[in-house]
Amino acid sequence: TRTPVTVTVTGAGGQIGYALLFRAASGQLLGHDVPVNLRLLEIPQGRAAAEGTALELQDGAFPLVSSITVTEDATAAFDGVNIALLVGARPRGPGMERSDLLEANGAIFGPQGAAINTGAASDVRVLVVGNPANTNALIASAHAPDVPAERFTAMTRLDHNRAVAQLAAKLGVPVSAIDGLIVWGNHSASQYPDISHATVHGRPVTELVDEDWLAHEFIPRVAKRGAEIIEVRGSSSAASAASAAIDHVHDWVSGTGERWTSAGVVSDGSYGVPEGLVSSFPVRSAGGAWEVVQGLDIDAFSRARIDASVAELVEERDAVRALGLI
Ligand code: NAX
């Protein structure tokens, strides 16, 4: 029998946590032969909800679940952690400026990064879902100097999956027929879903759609999909976000083969994205590590959009630097 993998979910009492934990328990995160220790981290306000989720997890009688722990102590939650899913974050409240938001999240992701630095297993992999996800990942990483920066990632997979699904619907093909789609930049309205390298059944997508649809329907629809879900569903995306988190970690650990996906990873300077920013790139995973797909031609249309989203990441980085959070 295999040693259990320790998976810590923060914000475990929230709606994404509720969807995510059941999929991790069932084997969809790490594989159907990998037992898991589930650690649920919450703050006092979310504790009861997390306890309830833990009871339901128990009632799932999942053969792969070795243990379930609920805690409010980040040090205990991240002790020996292999997979850290940082979902809990401080949402923007009424009258809150961006700097207030960044500061409130710095107070969460700084200490959590430090707890990961102290206690995590040497193979720890971190996915930040809580917004602003890219900059929260940067903050956590800055507080974990002993953990390689490339182990801190931010989730843009939901944006990627939304873009694939919209394109598949437009072309009337299954999602599996599409490859080479990219989400660049920040997980925010400035993100750039890029079809210029995408193929459908191996054929370039650019031959099949026009620029007007691209600029005026596809890009804004993907970027504003979160708002559309809130409008229709009455609350923000939860199961689809959890599903994307499962995809991200699954692909990171198990590999993508030749197919591409998108992930927020620390920039090595590729494609003109300043080194050290956590930005979304086209990626593959091999040997348990993300690698940025290199050598793509970037046309003027794409360049302008990538630069705009990266400029926002630079602003966020400068703001958290000025606040002393990194
Ligand atoms: P919920 O409000 O349902 O749950 C968040 C939970 O986090 C709450 O139970 C809260 O008590 C807990 N929490 C807050 N601070 C904490 C801390 N310091 N330690 C542990 N737990 C803490 O939000 P939910 O809908 O689950 O969304 C969670 C986060 O995901 C939000 O920041 C949201 O903006 C973000 N999202 C990110 C997405 C992405 O693609 N990267 C998409 C979905 C989602 O909007």
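The values are calculated or read from the model by the stated rules, or taken from the named source; none is laboratory data. This structure is a prediction, so every number in the text was calculated from the model and none was measured. Reconstructed Cβ throughout: ideal geometry from the backbone, glycine too, with neighbour counts over all protein chains shown. Note: accessible area is taken over every heavy atom of the protein model, side chains too, but ligands, DNA and RNA are not part of it. Shrake-Rupley method; radii C 1.70, N 1.55, O 1.52, S 1.80 Å.
Some notes on this structure:
- Per-residue HN-Hα couplings for the stretch 282-288 [Karplus 6.51, -1.76, 1.60; θ = phi - 60°; Hz; x = Gly/Pro]: x, 9, 10, 10, 8, x, x
- The stretch 157-316: relative contact order in percent, alpha carbon pairs under 8 Å with at least 6 residues between: 26 percent
- Using the 1.4 Å probe convention, the accessible area of the stretch 157-316 works out to 42 Å² per residue with neighbouring protein chains retained.
- Estimated vicinal HN-Hα couplings, Hz - the stretch 31-40 in sequence order (Karplus 6.51, -1.76, 1.60; Gly, Pro = x): x, 7, 10, 10, x, 10, 9, 9, 10, 10
- Furthest towards positive pole of dipole, Ala289, Gly185, Val200, structure part the stretch 157-316, Cβ charges: Val200
- A DSSP coil position with no more than 14 other Cβ atoms inside 10 Å describes the following trypsin sites (Lys or Arg not before Pro) in the stretch 248-304: Arg259.
- Shape analysis of the stretch 258-326 places it in the oblate category; the axes a ≥ b ≥ c from the Cα gyration tensor give an a/c of at least 1.5, with a/b not above b/c.
- The chain: DSSP helices with Cα axial extent of at least 20 Å and average Kyte-Doolittle hydropathy no lower than -1.0: 44-59, 98-119, 157-171, 239-254, 300-322
- Our summary gives the stretch 5-154 a relative contact order of 23 percent, counting only alpha carbon pairs under 8 angstrom and 6 or more residues apart.
- Of the two radii for the chain, the radius of gyration is 0.95 times the Kirkwood radius, both from the alpha carbons; that is the Rg over Rh value.
- For the stretch 175-326, the fraction of alpha-carbon pairs in successive 5 Å shells from zero, as %: 2, 8, 15, 20, 20, 18, 11, 3, 1, 0
- Here is the list for the stretch 186-229: trypsin sites (Lys or Arg not before Pro) lying in DSSP coil, each with at most 13 other C-beta atoms within 10 angstrom of its C-beta, are Lys224.
- According to the calculation over all Cα-Cα pairs in the stretch 137-222, the P(r) per 5 Å bin from zero is 3, 14, 23, 20, 13, 9, 7, 7, 4, 1 %.
- Loop-located trypsin sites (Lys or Arg not before Pro) in the stretch 1-60 (DSSP state not H, G, I, E or B) with no more than 13 neighbouring Cβ atoms inside 10 Å: Arg2.
- Long-range HN-HN contacts of Val70 with modeled amide H, under 5 Å: Leu40
- Between His32 and Glu258, the modelled label-to-label distance comes to 2.7 nm, taking each label 7 Å out from Cα in the direction of the beta carbon.
- Near Pro111, once Lys and Arg are set to +1 and Asp and Glu to -1 for all other residues with Cβ below 15 Å from its Cβ, the sum equals -4.
- Rolling a 1.4 Å probe across the protein heavy atoms gives the stretch 1-94 an accessible surface of 46 Å² per residue.
- The stretch 262-326-the stretch 95-148 distance, computed between alpha-carbon centres (Å): 17 Å
- On the principal axes of its alpha-carbon atoms, the stretch 5-154 has extents of 45, 34, 23 Å, going from largest to smallest.
- Considering only Pro94, Pro145, Pro132, the mean-square fluctuation computed in a Gaussian network model of the chain, springs between alpha carbons under 10 angstrom, is largest for Pro94.
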